[in-house]
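Quick notes on the structure that follows.
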Amino acid sequence: MTEAGRAYSYFPGCTLATTAVDYDVSGRAVAAALGLELNEVPDWNCCGAAFPLSADNVMSFIAPARVLIAAERSGHDLATLCAVCFHVLKRSDAYLRTHSEAAERLNAFITEGDYTGRTRVRHLLGVVRDDVGWEAVKQRVAAPLTGLAAAPYYGCLLLRPQEEMEFDQAERPRVLQDLLRALGATPVEFPRQAECCGSTLVVSAPGANRRLSTAVVDSARLAGAAMIVTACPLCKYNLDQAQAGRPSPEQLPVAYFTQVMAAAFGLLEVAGPAFAVEAST
Amino acid sequence: MRVVLDPLALHGAFIREIEAISEQNLLACNQCGRCSAGCPLVEEMDLLPNQIIRPAQLGLDTVVDSTSPWLCAACLMCEARCPKGVDLPRIMDALRQIALRRGESRVVAGDVDPALLAGAPQMAIVGALRRGEK
């Protein structure tokens, strides 16, 4: 079905190792099902969780640079699942490639190796699209998700800035729609699919955060979605919290794209609670 | 009469500080307002995103006291839509950095809601602290 021997360095990141283990587990399972070998980066550390926007403080690039250096040694592309890790690592790599003086200063501080810019940072969703292909995904589907109206929710960090992320169109993305179609589901376009969920404002400005995440959920509901599909643990958390007080018939389940893939591949043990009904019948 | 706006003559040190941190050319902005039209957080901001840039262009450092940089989630919608290639979230971050270097932390680890510490994704806590702590 799929070519053997596709190997990647894999960076789970702090969140997938703790509060979003279900994303990690489902991601590894569907990768294996598609013949993708994920080798966890040895001795990894937090990517930093916020891309350093201040150009006058090179030290904030140490955390992502260490991860990039560790991945470089493996000789494979570096794949991530967390949208925030992908954003931070991809942009840090783009920054250090174009700022050689910053890279030299970092190399002077990091003892276990030098950043040379040889690693390509990828998101697993991009790997599935570009290296596996939708035809191969379709062939792996065991239980097509026929009739499932799923809203593809991208948020911000996967997409923007478009030239640096090299992932999809900044405001009219399509990779999740293509995936959902390959799995037999019906993608439901909705106006806020590439709008912010509130991100880290959940900590620093919770009122504003709730307004944004509620608007995203309502936008998807109004468009007729029965489920929201995401690639980001923070988006999932914010969208779940926005619905926490609602009666359950009014709640839209939020699932990782890897869980939706797992459901279609028949890997129900890792497909998560959104597919629990299908699992028990 | 020809009017020339010279940033060095206006308030050079402040503009140079923002440009050094953000690597953005403040004077590239021509106030078209597309950033504010697309920003999802304008309801909570005291100055709209384009209104943040204008005083900064004129070297007025009172803009550092605005609440808007603290409400910017760096979602980059403005960056995607700016016809002049200005990366406004970098300017917002420069203003946060200048405020933090002058004053107090806006997010303090010990004050984070225990419910968040227990349930929120790690990167929400770490990201918020990296943006708002000295």
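The table for this structure:
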{"item": "Helices (runs of 4 or more DSSP H) contained entirely in the stretch B:1-99, each with at least 1 residues that are over 24 Å from A:Ala208 (Cβ atoms)", "result": "B:7-22, B:49-57"}
{"item": "Output for the stretch A:200-230, where each listed residue is among the hydroxyl-bearing types (Ser, Thr, Tyr) and free of Cβ contacts under 8 Å to residues at least 40 places away in the same chain", "result": "A:Ser204, A:Ser213, A:Thr214, A:Ser219"}
{"item": "Among residues of the stretch B:80-99, those that are within 12 Å of the chain's Cα centre (by Cα) and either of a type outside the set (Val, Ile, Thr) or at the interface with chain A (Cβ under 7 Å from one of its Cβ atoms) (or both), counted", "result": "11"}
{"item": "Test: residue in the stretch B:120-131 that is out of contact with any Phe, Trp or Tyr (no Cβ under 6 Å at 6 or more places or on another chain), surrounded by fewer than 22 Cβ atoms within 10 Å (Cβ to Cβ) and touching a residue at least 24 places away in the same chain (Cβ under 8 Å)", "result": "no"}
{"item": "Residue selected from the stretch A:120-137 under the condition among the β-branched types (Val, Ile, Thr) and part of a helix (DSSP H, G or I), by the criterion surrounded by the fewest Cβ atoms within 10 Å (Cβ to Cβ)", "result": "A:Val127"}
{"item": "Failed item, numbered, when A:Arg211 is tested on (1) more than 14 Å from the chain's Cα centre (by Cα); (2) of a type in the set (Lys, Arg); (3) within 13 Å of chain B (Cβ to nearest Cβ); (4) within 28 Å of A:Val127 (Cα to Cα)", "result": "(4)"}
{"item": "Yes/no for A:Leu267 being within 14 Å of another protein chain (Cβ to nearest Cβ) and at pLDDT 95 or above", "result": "no"}
{"item": "Positions within the stretch A:165-180 being in contact (Cβ under 8 Å) with a residue 24 or more places away in the chain and surrounded by fewer than 16 Cβ atoms within 10 Å (Cβ to Cβ), in sequence order", "result": "A:Glu166"}
{"item": "Helices (runs of 4 or more DSSP H) enclosed by the stretch A:1-119 - at least 3 residues per element that are surrounded by fewer than 23 Cβ atoms within 10 Å (Cβ to Cβ) and over 18 Å from the mean Cα position of the chain (by Cα)", "result": "A:62-74, A:83-98, A:100-109"}
{"item": "Test: residue in the stretch A:210-223 that is crowded, with 18+ Cβ neighbours inside 10 Å, in contact with a Gly (Cβ under 6 Å, 6 or more places away or on another chain) and either in a loop (DSSP other than H, G, I, E, B) or of a type in the set (Phe, Trp, Tyr) (or both)", "result": "no"}
{"item": "A:Thr146 within 19 Å of A:Ala262 (Cβ to Cβ), assigned by TED's automatic domain parsing to the domain that holds A:Gln241 and touching a helix residue (DSSP H, G or I) at 6+ places or on another chain (Cβ under 8 Å)", "result": "no"}
{"item": "Residue satisfying all of: in the stretch B:107-134; more than 7 Å from every other protein chain (Cβ to nearest Cβ) and either part of a loop (DSSP other than H, G, I, E, B) or among the aromatic types (Phe, Trp, Tyr) (or both); nearest to A:Ala50 (Cα to Cα) among these", "result": "B:Glu133"}
{"item": "Cβ-Cβ under 6 Å pairs, at least 6 apart or on other chains, the stretch A:145-160 side away from every other protein chain (no Cβ under 14 Å), far side at pLDDT 95 or above and part of a strand (DSSP E or B)", "result": "A:Ala149/A:Thr186; A:Ala150/A:Met227; A:Ala150/A:Val229; A:Ala151/A:Ile228; A:Pro152/A:Pro187; A:Pro152/A:Val229"}
{"item": "Every residue from the stretch B:39-66 that is hydroxyl-bearing (Ser, Thr, Tyr) and at pLDDT below 95", "result": "B:Thr62"}
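The values are calculated or read from the model by the stated rules, or taken from the named source; none is laboratory data. On a predicted model such as this, the values are computed, not experimentally measured, just so you know. Counting neighbours? That spans all protein chains shown, and the Cβs are built from the backbone with ideal geometry, glycine included.
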